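Report on one structure; see the data block that follows.
The values are calculated or read from the model by the stated rules, or taken from the named source; none is laboratory data. Quantities reported herein were computed from a predicted structural model and do not represent experimental measurements. Cβ coordinates were reconstructed from backbone atoms using ideal geometry, including for glycine residues, and neighbour counts include every protein chain displayed. Quick note on the areas: whole protein, heavy atoms, side chains included, nothing else; ligands and nucleic acids left out. Shrake-Rupley method; radii C 1.70, N 1.55, O 1.52, S 1.80 Å.
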Amino acid sequence: MRKKLTGIVASAKMDKTLRVEIQRRYRHALYGKTVRGRTVCHVHDEQNEAQEGDTVEIIESRPRSKTKRWDLIRVVEKKQD
């Protein structure tokens, strides 16, 4: 089963590639404080349909380059102007 994640497009400056940030919150192992973290994924976007600030759904795929291992499924929500 391939992983599916939802995140926000941080950068869409590259051709057919997006930089998507997935926000998460977790408790620090030693101190117990709630900490915000993020995971950055490079995503293949064949039609260049997503723009910076959009919420997108991505799925795990075969490696397309050194860093790109995710594909765009759909744009969930466009950025509010």
Cβ-Cβ FRET estimate between residue 4 and residue 66, R0 fixed at 22 Å, reported to 0.05: 0.45
Compute the FRET efficiency between residue 77 and residue 39 as 1/(1 + (r/R0)^6), taking r as their Cβ-Cβ distance and R0 = 30 Å, and round to the nearest 0.05. 0.95
I need the fraction of alpha carbon pairs in the range 21-66 separated by more than 16 Å, rounded to a whole percent. 55 percent
Alpha-carbon Rg with Dmax, taken over the chain, Å: 13.9, 45
Which order do 18, 72, 30 take by accessible area at a 1.4 Å probe, largest first? 30, 72, 18
What nm value, rounded to one decimal, do you get for the distance between residue 52 and residue 16 when each label is placed 7 Å out toward the C-beta? 2.3 nm
Choose one of 53, 30, 10: the residue whose Cα lies farthest towards the positive end of the charge dipole of the chain (beta-carbon charges +1 Lys, Arg; -1 Asp, Glu; about the Cα centre). 30
With a 1.4 Å probe and every protein chain left in place, work out the accessible area per residue of the chain in Å², rounded to a whole number. 75 Å²
Among the lysines, which have Cα under 22 Å from the Cα of residue 66 when same-chain residues fewer than 8 positions away are ignored? 3, 4, 13, 16
Would you kindly derive the ³J(HN,Hα) couplings of the range 6-16 from the backbone phi angles with the Karplus curve 6.51 cos²θ - 1.76 cosθ + 1.60 (θ = phi - 60°), listing them in order in whole Hz, with x for Gly and Pro? 10, x, 10, 6, 8, 8, 10, 7, 8, 6, 6
